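Report on the structure given below.
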Amino acid sequence: MIPETLLQRFQLPGLHASLHLLHQPPPDVNIEQLSGGHHPATRRLALEELLAHQLSLREVRLRIQADGAPTLPSGRSLQARFLAQLPLH
């Protein structure tokens, strides 16, 4: 989902490489950096998840806006009964 230009700009690996590195880390990888979320592969996957989450929220928001609010009955009779019960003359 992330454009290649952004991956290059922030020096992040591709999705496949990130998944492979996290599931099968090589012996020379910095485990502290990896488990602390500071490794480029970890940052790449976090960015991917955040982007996917934002896109799904946007889709839900647009669907809600397109549907609009439900129409409620006017309730004029209820309003008239309420006003009639008020002790104002």
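Every number here is computed from the coordinates shown, using simple stated rules; none is lab data. What you are looking at is a predicted structure, and each value in this text was computed from that prediction instead of being measured. So basically every Cβ, Gly included, is an ideal-geometry build from the backbone, and we count neighbours across all protein chains shown.
Compute the whole-percent fraction of alpha carbon pairs in the range 8-51 spaced more than 17 Å apart. If you can, show how the numbers build up before the last one.
Working: 207 of 946 pairs.
For the range 8-51, the fraction of Cα-Cα distances above 17 Å is 22 percent.
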**Fill in**
The simple spin-label model distance between residue 85 and residue 59, using points 7 Å out along Cα→Cβ, in nm, is 4.7 nm
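Using mean Cβ contacts within 10 Å as the protection proxy, how do 13-20, 64-71 order, highest first? Mind showing how you got there, number by number?
On the way: 13-20: 14.6, 64-71: 7.1.
In descending order of packing, they fall as 13-20, 64-71.
Please report the orientation-averaged projected area of the chain, defined via the convex hull of its C-alpha atoms, in nm².
Details: hull surface 49.0 nm².
Computing the convex hull of the Cα atoms and averaging its projections yields 12.2 nm².
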**Asked** For the charge dipole of the range 42-89, defined by +1 on Lys and Arg C-beta atoms and -1 on Asp and Glu C-beta atoms about the Cα centroid, which residue among 68, 78, 88 has the Cα displaced farthest towards the positive pole?
**Response** 88
**Message:** Over 17 Å apart: what share of the alpha carbon pairs of the range 40-89 falls there, rounded to a whole percent?
**Reply:** 66 percent
**Complete:** Of 76, 58, 44, the most mobile residue in a GNM of the chain (C-alpha springs, cutoff 10 Å) is 76
**Choice from 78, 55, 34 showing the highest fluctuation, given a GNM over the chain with Cα pairs closer than 10 Å** = 78
**Message:** Using 0.36 nm times the number of residues separating residue 24 and residue 9, minus their current alpha carbon distance, what extension gain do you get?
**Reply:** 2.9 nm
